[in-house]
Amino acid sequence: MSLANCVRCGKVFMRLRNPMCPDCQKQEDELFERVVAYLKENPGASVAEAATDLDIDVDVITKFIRAGRLASVKPSWQVTCRECGAAITSGEYCNECRNKLAEEISRAGFKRAEEPKKQDEGQAKIFLYDRVKRN
């Protein structure tokens, strides 16, 4: 847990995983529920129609699509890949662009951080012994 500023309202809160404070997360969940209810009543609606009828910003609905939250309710709604513009049903990048990016990263020599080496138990005991002996 750490202190963070809410990405939506700027309020300081204890962050666990979500970048939004509990109040903003609650509001966003309520918006999501409204979108889902609207889609159940109007299955043929487009993103623009849903945004207009619900008085919600299109970017909010797009965020739900990118997060994959609406995939089970409206699988035909799509967003575009941030790199090439291809239609995708969730996420930021299409599979092809994601693979290219991973390849470029590996070519550039970036490697995952190695786990720190664990001390040998004997060394830890000696260190503790030396510390106690000095006092």
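The values are calculated or read from the model by the stated rules, or taken from the named source; none is laboratory data. No experiment lies behind these values; they were computed from the predicted model shown. Reconstructed Cβ throughout: ideal geometry from the backbone, glycine too, with neighbour counts over all protein chains shown.
Remarks
- For region 44-67, the set of residues classified as under 14 Å from R34 (Cβ atoms), under 22 Å from the mean Cα position of the chain (by Cα) and surrounded by fewer than 12 Cβ atoms within 10 Å (Cβ to Cβ) consists of D57 only.
- Among the residues of region 21-47, those that are closer than 30 Å to L3 by Cβ and among the acidic types (D, E) comprise D23, E28, D29, E30, E33.
Table: residues versus (1) closer than 30 Å to K100 by Cα; (2) touching a residue at least 24 places away in the same chain (Cβ under 8 Å); (3) polar (S, T, N, Q); (4) touching a helix residue (DSSP H, G or I) at 6+ places or on another chain (Cβ under 6 Å).
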site	(1), (2), (3), (4)
F13	no, no, no, no
R17	yes, no, no, no
D55	no, no, no, no
V58	yes, no, no, yes
T62	yes, no, yes, no
V79	yes, no, no, yes
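- None of Y93, Y38 is in a helix (DSSP H, G or I), surrounded by 15 or more Cβ atoms within 10 Å (Cβ to Cβ) and among the hydroxyl-bearing types (S, T, Y) except Y38.
- Every residue from region 39-79 that is touching a strand residue (DSSP E or B) at 6+ places or on another chain (Cβ under 7 Å) and farther than 19 Å from Q27 by Cβ: Q78, V79
Conditions (1) of a type outside the set (A, V, I, L, M, F, W, C); (2) at pLDDT below 85; (3) surrounded by fewer than 13 Cβ atoms within 10 Å (Cβ to Cβ), marked per residue:
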residue	(1), (2), (3)
V73	no, yes, no
Q78	yes, no, no
A113	no, yes, yes
K118	yes, yes, yes
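- Within region 20-29, tally of residues that are in a helix (DSSP H, G or I) and farther than 14 Å from L70 by Cα: 6
- Against the test of being in a loop (DSSP other than H, G, I, E, B), at pLDDT 90 or above and among the hydrophobic types (A, V, I, L, M, F, W, C), the options I65, I61, I56 yield a single qualifying residue, I56.
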